[in-house]
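Worksheet for the structure shown next.
Quick note: the coordinates plus some simple rules give every number you see, no bench work behind them. Remember, predicted model here, so these are calculated numbers, not experimental data.
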Amino acid sequence: MGMKAYFMIDVADEVREEGRWADAESELETIPEVETIEPVSGSCDFLVKADVPIRAIFVANKIRAMEWVKRLRILRVEPIEPEVKPTLSEIVAEQRKAPKISEQIKSRAKKG
């Protein structure tokens, strides 16, 4: 089962001073597991969402190895719940429980 990991990244002072935000973002995009990158202001510089098939630390180490990364924090790791689709027999059983449209019209007509 895969997981989603969310990382908070602080960039090195040189990146801020030289305005190399786009370069840093482009380098993050080269990591195949990275899904989204959001530049933010406040307690970190980038929020990154990644698909981590095995362990979040493997992706974290890839990010941490980039020379411009000053600090990396793993914000959250959560399992991806597989989408449970109903079986055909469950769908049929549910439809049988629901009143038919003609029955609904008749019951409303009696009330009115």
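Of all lysines in the structure, the ones whose alpha carbon falls short of 24 Å from that of K111, not counting any fewer than 8 places away in one chain, are K97, K100.
With Cα atoms defining each centre, segment 46-108 and segment 1-42 are spaced 23 Å apart in the structure. Per-residue ellipticity at 222 nm computed for the chain from its helices equals -11500 deg cm²/dmol, with DSSP H segments shorter than 4 residues left out and the rest contributing -39,500 (n - 2.57).
Considering only L88, L72, L28, give the residue with the highest GNM mean-square fluctuation for the chain, with springs between Cα atoms whenever their separation is below 10 Å. For the chain, modelled as a Gaussian network with Cα springs under 10 Å, the answer is L88. Under 18 Å of direct C-alpha separation, and excluding same-chain neighbours fewer than eight residues apart, K62 reaches these lysines: K4, K49, K70. Springs between alpha-carbon pairs under 10 angstrom, Gaussian network model over the chain: which of E35, E14, E83 fluctuates most? Among E35, E14, E83, the largest mean-square fluctuation in the Gaussian network model of the chain belongs to E83.
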